[in-house]
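The values are calculated or read from the model by the stated rules, or taken from the named source; none is laboratory data. Keep in mind that this is a model prediction, so the values were computed, not measured. Please note: Cβ atoms are built from the backbone with ideal geometry, for glycine as well, and neighbour counts cover all protein chains shown. With ligands, DNA and RNA removed, areas are computed over all heavy atoms of the protein, side chains included. Shrake-Rupley method; radii C 1.70, N 1.55, O 1.52, S 1.80 Å.
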Number of protein chains: 2
Amino acid sequence: MSTVTITDVAKHVGVSVATISRYLSGFTVRNEEKIREAIIELNYRPSAAARNLKSGRTGIIAIVVPDITNPFFASIVEGAESAVGEDRMILLVNTGDSREREEKALSQLFGRVDGVIMAPLTEDEQGPSFFSQFGLPIVFVDRVTKDGEKFSSVLTDNAKGAHIATDYLISQGHRKIAMIGGPLSTTPGKRRADGYRSALAKSGISSQVEYFIESDFSEAGGYAAMCRLLEEEAPPTAVFVANNLMTIGALHALRDRGVSVPQEISIIGFDDLEFAELVNPPLTVIARDARLQGSQAMDLMIKHLENGGATPPEHSMVDVQLVERGSCALPRESQKIRSNKIDH
Amino acid sequence: MSTVTITDVAKHVGVSVATISRYLSGFTVRNEEKIREAIIELNYRPSAAARNLKSGRTGIIAIVVPDITNPFFASIVEGAESAVGEDRMILLVNTGDSREREEKALSQLFGRVDGVIMAPLTEDEQGPSFFSQFGLPIVFVDRVTKDGEKFSSVLTDNAKGAHIATDYLISQGHRKIAMIGGPLSTTPGKRRADGYRSALAKSGISSQVEYFIESDFSEAGGYAAMCRLLEEEAPPTAVFVANNLMTIGALHALRDRGVSVPQEISIIGFDDLEFAELVNPPLTVIARDARLQGSQAMDLMIKHLENGGATPPEHSMVDVQLVERGSCALPRESQKIRSNKIDH
DNA sequence: AGGTTATCTGCAATCGTTATCAGTAACGAG
DNA sequence: CTCGTTACTGATAACGATTGCAGATAACCT
């Protein structure tokens, strides 16, 4: 089929392949016009494979994420896309939360891409040496591995976000505050749990084990965790849910059980959602700019690539902020007293 | 750096490169053990570029979508990912609804990928010849171009879905039914408008021009369109919104204006959303399986690839279904009479 | 042991491009 | 008329892997 090579073009014009190659790379050559025509007429497209082999570059940057249907990661990808520029493209790898797929993908990537932007599944990846011997520039986004300091990263201030969220609940008078957390083996899972605990400690509230549930950042996980909390002898009056998908799950659970938010229980989530103000009640969340994280990660990657890998790792931190909407209220006990303040 | 080639391995073991190559391709060779060790010791990874050049295959399939942050397209990508198999990967191209980026991406793709799964921006792409001369297998998903019949495709029964949605509103007694549609230059935009009109016609309702707004499948577009509808002299009592993002926008508009759903206006959307039952009120929608569309598209692509391009194009159609929740009710006029039926 | 297969091996060509290097034509200056 | 300069050109060797071919080795049989 369309297997027309530079040689065919050269023959057609009556010059050597070198001339065509030079024309393609922007040098001035004698028969520019003829070459241009020949290329169009023969429908010649330079072989990317051959170019890769010669140059050692592919012009492709991989993005490895656990779950592309999570709007947060979709936004990261979109942000990265927006910063990728003219002459590079993005190879998406969706590991589907499977360690096995992640490993395989990573080994497949070598030679196909110039660099990897990734949100690793867990912090304890295949030994500290793995990424070092990987031989490709790496930028971590949202999550890092144990030896993450050696590579550039773009993170969120997870602990701060969780601290703010918990503090907010405390300031409303809550004392029985639960958290539905992510896996403690992940960066955000661990840091958000830290922030939650430190906020409780600062206010002199003892953190009860049964109020912290380690879940898995999935909707189903959030659903199950909320069910467990509701079955406690003394259910919490407020819950901090550590990511968007689990928040959706938790809300589903509450709806199915007929528990009203925020009258009976207050909910604050991590990561904003397109529809957060449309749900009933509008969701109060800790928000951050996922697109920005993606574009920053891409910027760092490109910087590494252009500087020939001699750049020291940089660590960037994206800020978080509290978006107050309607899913948090005074705890039930105080509502009796100050019931005029329930729904303003 | 990690620029160890097959030649280095061969030298290290003391055999020819051909032997190493054969070992890698699964033939039985004499010094298997030694070769295995050498590969590990030297940390040798075969160069994908060289392989591509020799074989003409890349093992990469491109997916071109207009907007990866749209959950629908994210699900398509996820579905495709799940069907891609062991020895192929996905190259994601997010065109960001820009025709220019789409064109450029497509031309960049040649030689980098073995095939392209795409949801084209509009039906009238760069002339019918473009894709034919593209020289790569193409599978259309969700949308096609003018000459789409020549290539395999996985579509939804858009007209049927729109028909069902409109019929549903009619059956509830609505007569002033508006539609917020997508661009008529796109497959789903056009077909859904067709379905809406045919349903109206079947029931003898004349379709008023001011009740059909051609928007752009974006949240902002949905917002603006809903605002325009509300400013009509005789605003509609029900609106069919032709995709998920515009539905979110429309709901935002209604919330901002203080118009209550479904008491004052009924809303039915196209495409389900994770949180559709969490919004207030739970959203009634026309749903379909986006993951399935993605995986079917990938299956078709792989079939083409394995059959050496000699396969005739296949056209698959994914079914739609009505998911009744709470965002549609009897029109206001009838509510006075049968008010007991408003909220069951 | 000698002959015949059955396996395995190395050489070298090849994939499509680009970089290098030597070479040619045109032109003006001396 | 020769020389140097400028501005291009063509042949050729890489890049790293795969593969057909012919030769080498081992295995088997009589």
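You can think of it this way: the chain between A:Q263 and A:Q321 has 18.5 nm of extra reach, that is 0.36 nm per residue less the Cα-Cα gap. The other copies place their B:E210 label points at 6.2 nm from this one, listed shortest first, where each point is 7 Å from Cα along Cα→Cβ. Annotation: per residue accessible area for the protein assembly as shown equals 43 Å², rounded to a whole number [probe 1.4 Å, protein chains only].
Sort the protein assembly as shown into rounded, prolate or oblate with this rule: let a ≥ b ≥ c be the square roots of the eigenvalues of the Cα gyration tensor; rounded if a/c is under 1.5, and if a/c is not under 1.5, prolate when a/b is larger than b/c, oblate otherwise. Because a/c hits 1.5 or more and a/b fails to exceed b/c, the protein assembly as shown counts as oblate. Evaluated with a Cβ-only charge set (Lys, Arg +1; Asp, Glu -1), the protein assembly as shown carries a dipole of roughly 720 debye about its Cα centre, given to the nearest 20.
As a size descriptor, the averaged projected area of the C-alpha convex hull of chain A was calculated at 22.3 nm². Given +1 at the Cβ of Lys and Arg, -1 at the Cβ of Asp and Glu and no other charges, the dipole of the range A:155-238 around its Cα centre is 360 debye to the nearest 20. Ligands, DNA and RNA left out, the accessible area of chain A computed with a 1.4 Å probe is 50% carbon and sulfur. Surface burial for A against B, with a 1.4 Å probe and both sides summed, reaches about 4700 Å² of accessible area. Think of the protein assembly as shown as a dipole: +1 on every Lys or Arg Cβ, -1 on every Asp or Glu Cβ, centred on the Cα centre; then among A:G14, B:C227, A:V116, A:G14 lies furthest on the positive end.
Can you tell me how the range A:6-46 classifies by the Cα gyration tensor, rounded, prolate or oblate, using a/c under 1.5 as the rounded cut? Rounded is the answer for the range A:6-46, as its axis ratio a/c remains below 1.5. Position B:D194: other-copy label points at 5.8 nm, ordered by increasing distance, label point 7 Å along Cα→C-beta. If a spin label sat at a point 7 angstrom from the Cα of B:E103 along the line to its beta carbon, the backbone N atoms of the range A:20-47 nearer than 20 Å would be those of A:36-46. The Rg/Rh ratio for the range B:262-319, using Cα coordinates for both the radius of gyration and the Kirkwood hydrodynamic radius, is 1.26. Which entries in B:K160/B:K190; A:K303/B:K104; B:K160/B:K202; A:K104/B:K11; B:K54/B:K303; B:K146/B:K303 show an alpha-carbon gap greater than 20 Å? Long pairs (Cα-Cα over 20 Å): A:K303/B:K104; A:K104/B:K11; B:K54/B:K303; B:K146/B:K303.
Helix content alone sets the calculated 222 nm mean residue ellipticity of chain B: runs of n ≥ 4 DSSP H residues at -39500 (n - 2.57) each, divided across all residues, give -12500 deg cm²/dmol. Loop-located GluC sites (Glu not before Pro) across the range A:22-118 with a Cβ neighbour count of 16 or fewer within 10 Å are A:E86, with loop assigned by DSSP.
In plain terms, the C-alpha convex hull of the range A:5-126 casts an average shadow of 9.7 nm² when viewed from every direction. Between A:P137, A:P312, A:P66, the Gaussian network model of chain A with springs among Cα atoms under 10 angstrom shows the greatest mean-square fluctuation at A:P312. Charged side chains reduced to their Cβ positions (Lys and Arg at +1, Asp and Glu at -1) give the range A:6-46 a dipole of some 120 debye around its Cα centre. Residues of the range B:34-57 whose accessible area (probe 1.4 Å, heavy atoms of protein chains only) drops by at least 30 Å² once all protein chains are present, relative to their chain alone: B:N43, B:R45, B:A48, B:A49, B:L53.
Across identical copies of the chain, B:Q263 has label-point separations of 1.6 nm, listed in ascending order, with the point defined 7 angstrom from Cα along Cα→Cβ.
Among rounded, prolate and oblate, which fits the range B:203-260 when a ≥ b ≥ c are the square roots of the eigenvalues of its C-alpha gyration tensor, a/c under 1.5 means rounded, and a/b larger than b/c means prolate? Because a/c hits 1.5 or more and a/b fails to exceed b/c, the range B:203-260 counts as oblate. In chain B, Cα pairs under 8 Å separated by at least six residues give a relative contact order of 17 percent.
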